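What follows draws every value from the coordinates through simple rules; no lab data is involved. Not measured: the values here are computed from a predicted model. Glycine gets a Cβ as well: all are built from the backbone with ideal geometry, and neighbour counts include every protein chain shown.
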């Protein structure tokens with residue numbers, strides 16, 4: 001496996017592990033900020049998985065719009081959690 005594909009997979013795994021750890025902590029504390037962080041990291045993980053699918057598995061199909069949407073949803077979830085839930 002070339003280095004680029006390895007990095008795509010490692011980024012996806014890292015995002016999923018971070019989301020899993022955040023879920024575990026959310027179940028203990030029920031903090032809304034953790035829930036929004038989980039949603040953010042799941043969006044980023046979906047983006048990383050789609051990068052691998054787009055560039056490695058089906059390079060003839062352009063999935064950049066779907067990738068960008070997943071990343072934007074994840075970042076907006078993180079932003080919402082950090083701005084509005086931090087005030088509560």
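Below is a table of values for the structure above.
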{"item": "Additional length obtainable on full extension of the chain from residue 66 to residue 79, 0.36 nm per residue less Cα span", "result": "2.7 nm"}
{"item": "Residue among 34, 21, 78 with the largest mean-square fluctuation in a Gaussian network model of the chain, springs linking Cα atoms under 10 Å", "result": "21"}
{"item": "Value of relative contact order over the stretch 41-88, rounded to a whole percent, pairs C-alpha under 8 Å and six or more apart", "result": "46 percent"}
{"item": "Relative contact order of the chain, defined on C-alpha pairs under 8 angstrom at six or more residues apart (%)", "result": "33 percent"}
{"item": "Most mobile listed residue (12, 45, 65) in the chain, GNM with C-alpha springs under 10 Å", "result": "65"}
{"item": "Calculated log10 I(q)/I(0) by the Debye sum over Cα atoms at q = 0.15 Å⁻¹ (choose from (i) -0.84; (ii) -0.54; (iii) -0.59), label", "result": "(iii)"}
{"item": "Residues 41, 76 arranged by fewest to most Cβ contacts within 10 Å", "result": "76, 41"}
{"item": "Helix-only CD estimate at 222 nm, as mean residue ellipticity for the chain, using -39500 (n - 2.57) per DSSP H run (n ≥ 4)", "result": "-29000 deg cm²/dmol"}
{"item": "Cα centroid separation - the stretch 69-84 against the stretch 38-68, whole Å", "result": "17 Å"}
